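Inspection log for the structure reproduced underneath, given as structure tokens.
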Amino acid sequence: MAIEGIELPGWDSGIGMRFSMYAIVLIRNKADNQAFVNDKAILKFSRPIDRVFAGWMLLSLVLLLVIGAIHFILYGQHL
């Protein structure tokens, strides 16, 4: 991407928010015209293994949120 002059999003100054957006683009496999990241470039330069990694990342994120919510419901009330 750097060879073609495609820059990283300027709004993400190192906290990694763009990685979840990249993963969503890879899983959806569809470019959006009004996206925060360059969807067409992501789809153009991605490898098949990147889609597997994106699915794994999103699945683990959802599981983490569900486990956190269950933990809060069961044990968070006693603080």
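The values are calculated or read from the model by the stated rules, or taken from the named source; none is laboratory data. Predicted model only: the values in this text are computed from it and were never measured. Neighbour counts run over all protein chains shown; Cβ positions are idealised from the backbone, glycine included.
If you take the residues of segment 39-53 that are under 13 Å from the mean Cα position of the chain (by Cα) and either part of a loop (DSSP other than H, G, I, E, B) or charged (D, E, K, R) (or both), which of them is nearest to M17 (Cα to Cα)?
By that ranking, first place goes to D39.
Looking at I6 and the list (1) assigned to a helix (DSSP H, G or I); (2) at pLDDT below 90; (3) surrounded by 11 or more Cβ atoms within 10 Å (Cβ to Cβ), which single condition is not satisfied?
Result: I6 fails condition (1) only.
Among the numbered conditions (1) at pLDDT below 95; (2) of a type in the set (A, V, I, L, M, F, W, C); (3) out of contact with any Lys or Arg (no Cβ under 6 Å at 6 or more places or on another chain), tell me where L26 comes up short.
Just one mismatch for L26, condition (3).
Would you check which residues across segment 31-79 are exposed (fewer than 10 other Cβ atoms within 10 Å of the Cβ) and of a type in the set (S, T, N, Q) and list them?
N33, Q34, Q77
So S20 fits all but one of (1) surrounded by 12 or more Cβ atoms within 10 Å (Cβ to Cβ); (2) modelled with pLDDT of 90 or more; what number is the exception?
For S20, the exception is condition (2).
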